[in-house]
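One structure is given here, and the rest of the page talks about it.
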Amino acid sequence: VPCGCARPGRNIRFATGIHPHQAGEWAGRVEEASAAVRRALASCGGVAVGEIGLDYHYDFSPRDVQQAVFAAQVRLARELGLPVIIHTREATPDTFRVLRDVGAGQVRGVFHCFTGDSAMAAEAVALGFHVSFAGIVTFPRATSLREAAAAVPADRLLAETDAPYLAPVPWRGRRNEPAFVTRVYETLAEVRGEPATVRAQIGANFEALFGGPRNGPPV
Ligand SMILES: [Zn+2]
């Protein structure tokens, strides 16, 4: 029975996906993995498939299994017309390869907790994706990340908490809270020179991406 938590007008929406850290549990059962995600999405009206992707930093799952489970979920998102939420760490070329080969220009989504540079952000944007920044963008040494944040087109920019991790300055190192995302907004507004519009723009971008099944080639 659908629980209704993701009905239009509610303030909570959710995504379901198999994270690369857990991909190993589905080794040799990729079709089952995809079916499990499909069932979970249907039961509560999930608005996106994610987090999915590749994590070669921790390598908690074998890389070939991560790639197979990731690809299967991109295929599912394409079929369902849902956006994807991408987790990628030290796996940029393989992440883009899967999105290109399997998404084939038909899947949109967001690079969550983006930590790349301007070139990577540009590649994500060219692929039709949004780019989301978390508390790291406030860290003093994150100069190249702020450069990327300044360069992302206004209609592709998102912000997030990643709570309980990655609390922004001045709460760095403490447990992150959703309310702290205001500091991420402030930093984005500052580096982009858009103090008056950045909040409304990010809200509109969120609705454009997660407001309903509107996948397709970027417009
Ligand atoms: Zn993640």
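All of the numbers you see were taken from the coordinates with simple rules; none came from a lab. Since this is a predicted model, take the numbers as computed values, not measurements. Cβ sites come from the backbone with ideal geometry, for glycine too, and all protein chains shown count toward neighbours.
What the table shows:
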item	result
Distant-in-sequence amide H partners of H130 (H built 1.01 Å from N, under 5 Å)	G109, V110, F111
In nm, spacing of pseudo-spin labels at A126 and A27 (7 Å Cα→C-beta vector)	3.6
Region 106-122 versus region 123-138: alpha-carbon centroid distance in Å	4
Rough spin-label spacing in nm, given labels placed 7 Å along Cα→Cβ, for A154 and A40	3.7
Global form of region 153-209, assessed from the alpha-carbon gyration tensor, a/c cut-off 1.5	oblate
Rg/Rh (Cα only; Kirkwood hydrodynamic radius) as it applies to region 28-165	0.97
Local net charge near G50, Cβ-Cβ under 15 Å (Lys/Arg +1, Asp/Glu -1)	+2
R0 of 30 Å, Cβ-Cβ distance A179-R89: FRET efficiency to nearest 0.05	0.70
Cα shape, region 137-178, gyration tensor, a/c 1.5 rule	oblate
Summed residue charge, Cβ within 14 Å of A122's Cβ, Lys/Arg positive, Asp/Glu negative	-2
Among G50, A23, L145 - extreme Cα towards positive end, dipole of the chain, charges at beta-carbon	G50
Inter-label distance for R172 and H57, nm, one decimal - labels placed 7 Å from Cα along Cα-to-Cβ	1.5
Under 15 Å, Cβ to Cβ, from F60 - net charge with Lys/Arg +1 and Asp/Glu -1	-4
Extended-chain gain in nm, criterion 0.36 nm per residue less alpha-carbon gap, R100 and A200	33.0 nm
Kirkwood hydrodynamic radius over Cα pairs of region 1-100, then Stokes diffusion coefficient at 37 °C and 0.692 mPa s, in µm²/s	241
Length-normalised contact order for the chain - Cα pairs under 8 Å, 6+ apart - percent	17
